[in-house]
Amino acid sequence: MSEIYKLAKEQYAACGIDAEAALAKLERIPVSVHCWQGDDVIGFDGGGALSGGIQTTGNYPARARNFEELKSDIRKAFSLMPGTKRLNLHANYAILDGDKVDRNEYAPKHFAPWVKFAKELGLAGIDFNPTMFSHKMVKDGLTLSSPDESVRKFWVEHCKASIKISEYLADEMGTPTLMNIWIPDGFKDVPADRLTPRLRLKKSLDEILATGYDRNKVIIAVESKVFGIGVESYTVGNNEFYQNYAAKNNICCLLDNGHYHPLEYVSDKIPALLAFYDKVALHVTRGVRWDSDHVVLFEDELKEIAKEIVRNDATDKVLIGLDYFDASINRLSAWVTGQRAMQKALLYALLIDHEALKKLQDNADFTALMVKQEEVKTLPFGAVWQEYLDRQGLKEDYLTTIREYERQIIKERV
Ligand code: RNT
Ligand code: ZN
């Protein structure tokens, strides 16, 4: 235990905070780390260029081009991430090994190599996403809401196959798998009909859920969005549609903090949903002016999100996942920076005496509430963070390790 941490611990104790308890709790909160930061959301199934109104920008060298390279990058990046980690996979990362099947026929066996890898790394579980973009069956920008029955059915089948795969992942890993449905469906310009596409999406979701699955193993979530590139005027799966669908069908909502108007805050939506739902899933990202999926940083809204999770005693109700993709900087560094930012925000929230602050609010002592909330900001947070890393054999500096690795892979990946 470092001297600086001992002093910090005392200072926190004087404010009514148990730093040891915070450290112990933080280590157990799972964060699902997305595989797609490693290769700019391209995947292995040759679906085609990234589509669906999302975009990676940048040409940083040495992107992982195949399973071996991505595994190697994940191994290195994950070794620099503290805490409990899950792996978040997209269906287009299937290991097909020459199998001539399309996404509607993907099966558990296509993910068995990922399971083996996740076990090797000692991960806490695997989450899953059907991939309904970057594929020839996305017709006129539509998938589950397509008026073309063969298109709609194809994606329904893909989601049903994804449920089976999710169930398999849960069985193998021993923890429930979050299966998140996000579709890019929408229109660039003023639609003539906003209702019928939503009714078709509703029908598709009904058909998918009719599959029957073990709700203790698979948690199905729906991810809403306000707009995408080229889909600016109308999104079929918007917030109101999915929140109502999820409530009526007893499934989960996934909140991506890049998917709302910039003046709407996911930190405020979490407690609203916790009043009604047993689970709330998150995609933590950082939108700069739009849903740009910049690397997550230790910033105010992230702290606010973490506070809502911690002070509502919801660390096992809010399923935290990361969702960003930056191709303009070293991809491993992007990964680690974002994951550590999430961990820092959780630690920051764990080092606050929420009960005392809640009391001040209930007593309408807003003067003291403001003063006390300001006080928290200059407590020696850095010393506790350092101790957290130390105890897991990690250092604040991850860049040196990443630079060394980079020198080696740049030579290999030309
Ligand atoms: C897109 C959504 C979606 C994707 C990933 C790749 O706007 O955020 O979650 O980013 O599924
Ligand atoms: Zn997302």
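Rule-based calculations on the coordinates, nothing more; no lab input. Source: prediction; values computed, not measured. Note that we place each Cβ from the backbone using ideal geometry, even for glycine, and neighbour counts take in every protein chain shown.
Helix 331-350 and the longest principal axis of the Cα set of the chain meet at an angle near 50°.
Rg of the Cα atoms in the chain, relative to 2.2 N^0.38 Å, amounts to 0.99.
How would the range 121-251 be classified by its alpha-carbon gyration tensor: rounded, prolate or oblate, with rounded meaning a/c under 1.5 and the a/b versus b/c comparison settling the rest?
Numbers: a/c = 1.92, a/b = 1.85, b/c = 1.04.
Cα axes put the range 121-251 in the prolate bin.
Candidates 352, 327, 405 compared by Cα position along the dipole of the range 297-414: farthest toward the positive end lies 405, with charges placed on Cβ. Using modelled backbone amide H atoms (1.01 Å from N, in-plane), which distant-in-sequence or interchain residues come within less than 5 Å of residue 219's amide H? Long-range HN contacts for residue 219: 177, 178, 179.
Here the spin labels are modelled as points 7 Å beyond Cα on the Cα-Cβ line, and at residue 354 and residue 199 they lie 4.3 nm apart.
Cut-off is 10 Å between beta-carbons; in what order do 377, 372 appear when sorted fewest neighbours first? Please list the in-between numbers first.
Values: 377 9, 372 16.
Fewest-to-most ranking of 377, 372: 377, 372.
Taking 0.36 nm per residue of separation and subtracting the Cα-Cα distance, what length does fully extending residue 79 through residue 371 add? Display every interim value, and only then the final one.
Working: separation 292, 0.36 × 292 = 105.12 nm, distance 3.93 nm.
Stretched out fully, the residue 79 to residue 371 stretch lengthens by 101.2 nm.
Residues of the range 128-163 with an amide N closer than 15 Å to a point placed 7 Å from the Cα of residue 171 along the Cα-to-Cβ direction: 161-163.
What the phi angles of the range 115-120 give under the Karplus curve with 6.51, -1.76 and 1.60, with θ = phi - 60°, is a coupling list of 4, 4, 5, 5, 5, 3 Hz, glycine and proline written as x.
Taking label points 7 Å from Cα along the Cα-to-Cβ direction, residue 100 and residue 207 give a separation of 2.6 nm.
Mind putting a number on the dipole of the range 293-382 about its Cα centre? Charges go on the C-beta only, +1 for Lys and Arg and -1 for Asp and Glu, and I need it in Debye to the nearest 20. Write down the numbers at each step before the final one.
Numbers: 11 positive and 16 negative charges, 52 e Å.
Magnitude of the dipole: close to 260 debye.
Plainly put, the range 255-341 has a radius of gyration that is 0.97 times its Kirkwood radius, both from alpha-carbon atoms, as the Rg/Rh ratio. Charge dipole (Cα centre; +1 on Lys/Arg Cβ, -1 on Asp/Glu Cβ; no other charges) of the chain amounts to roughly 620 debye.
Near residue 280, once Lys and Arg are set to +1 and Asp and Glu to -1 for all other residues with Cβ below 10 Å from its Cβ, the sum equals +1. Think of the range 212-277 as a dipole: +1 on every Lys or Arg Cβ, -1 on every Asp or Glu Cβ, centred on the Cα centre; then among 218, 236, 272, 218 lies furthest on the positive end. Basic side chains Lys and Arg get +1 at the Cβ, acidic Asp and Glu get -1 at the Cβ, and with that the dipole of the range 258-414 about its Cα centre reaches some 440 debye. For residue 25 and residue 404, the FRET efficiency from 1/(1 + (r/R0)^6), where r spans their Cβ atoms and R0 equals 30 Å, is about 0.35. Using just the C-alpha positions of the range 160-204 as equal point scatterers, what log10 of I(q)/I(0) does the Debye formula give at each q in 0.14, 0.26, 0.29 1/Å? One equal scatterer on each Cα of the range 160-204 leads to -0.53, -0.94, -1.05.
So, by mean Cβ neighbours within 10 angstrom, what's the order for 318-326, 258-266 with the highest one leading? Intermediate values should be presented prior to the final figure.
Values: 318-326: 23.7, 258-266: 15.7.
Put in order of decreasing packing, that is 318-326, 258-266.
Computed FRET efficiency, Cβ-Cβ of residue 66 and residue 11, R0 60 Å: what is it to the nearest 0.05? Each step should come with its number before you reach the end.
Details: r = 50 Å, r/R0 = 0.83.
For residue 66 and residue 11, the calculated efficiency is 0.75.
Sort the following peptides by mean Cβ neighbour count (other Cβ atoms within 10 Å, averaged over residues), highest first: 13-25, 116-128, 345-357. Write down the numbers at each step before the final one.
Working: 13-25: 15.2, 116-128: 18.4, 345-357: 20.5.
Highest to lowest by the protection proxy: 345-357, 116-128, 13-25.
Pair-distance distribution P(r) for the range 147-222, from all Cα-Cα distances in 10 Å bins starting at 0: 17, 45, 25, 11, 2 percent.
Counting every other Cβ atom within 10 Å of each residue's Cβ, 81, 132, 1 order from fewest to most as 1, 81, 132. Report the residues of the range 261-294 in range of a label on residue 250: point 7 Å along Cα→C-beta, backbone N strictly under 20 Å from it. The answer is 273-281. Available extension along the chain between residue 301 and residue 413 is 36.6 nm, counting 0.36 nm per residue and deducting the alpha carbon span. Coordinate range of the alpha-carbon atoms in the range 1-153 per principal axis, descending: 65, 33, 32 Å. For the range 255-414, the Cα-based Rg and Dmax, in that order, read 18.0, 64 Å.
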